[in-house]
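Read-outs: derived from the displayed coordinates by stated rules, not from any lab. Please read these numbers as outputs of a predicted model, since none were measured by experiment.
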Amino acid sequence: MKVDYDSIKPIYLQIAEAIEDDILTGQLFEGDPAYSQLTLSKELGVNPATAAKGINVLVQEGVLEKKRGQSMTVTRGAKKKLLALRKISGIQPLIQSLVTQAQKMELSEEEVLGMVHDCFQVRSRGEVNGG
């Protein structure tokens, strides 16, 4: 897990997204203990309050839960919830932008879908170099 100190995105949101990524990629499982604010603070070299703020974003989203006397845990259904949230907040705007650009370039729906299909095929073969 890393944070980009040069990013315009606040560090606490980067922390929240990194934890989400770990849940989505199977590094953290539902019901498992999550990272503590002190662990994140030390690992990332950030203020413990900043780490706590990132964790609290996920608590508010219902992805992490605090249990008195126990560590923070990943909630049941967290992965499904994150997938739905990212579909709305992440993928949908990208698709809208893609369609807008395709229309400007006078590409047909079939051409764009073909390009998307080709990209999926290349990724499934592991032939991608950062894009």
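Take the residue pairs LYS79/LYS104; LYS53/LYS87; LYS42/LYS81; LYS66/LYS87; LYS42/LYS87; LYS80/LYS104 and return only those whose Cα atoms are more than 30 Å apart. Display every interim value, and only then the final one.
Working: LYS79/LYS104 36 Å; LYS53/LYS87 23 Å; LYS42/LYS81 28 Å; LYS66/LYS87 26 Å; LYS42/LYS87 32 Å; LYS80/LYS104 35 Å.
From the list (LYS79/LYS104; LYS53/LYS87; LYS42/LYS81; LYS66/LYS87; LYS42/LYS87; LYS80/LYS104), the Cα-Cα distance tops 30 Å for LYS79/LYS104; LYS42/LYS87; LYS80/LYS104.
Considering only ILE88, ILE11, ILE19, the Gaussian network model of the chain with Cα springs below 10 Å gives its largest mean-square fluctuation to ILE88.
May I ask you to list, by number, the DSSP H helices of the chain whose Cα span along the axis is at least 15 Å and whose average Kyte-Doolittle hydropathy reaches -0.5 or more? Can you show the working numbers first?
On the way: long enough: 11-24 (19 Å, 0.74); 48-61 (20 Å, 0.36); 92-104 (18 Å, -0.22); 109-124 (22 Å, -0.17).
Membrane-span-like by this rule: 11-24, 48-61, 92-104, 109-124.
Running Debye on segment 24-131 with equal point scatterers at the Cα sites and no solvent, what base-10 log of I(q)/I(0) appears at q = 0.15, 0.24 Å⁻¹? Values, matching the q order: -0.84, -1.27.
Taking a ≥ b ≥ c as the square roots of the eigenvalues of the alpha carbon gyration tensor, segment 78-124 is oblate, as a/c is not under 1.5 and a/b does not beat b/c.
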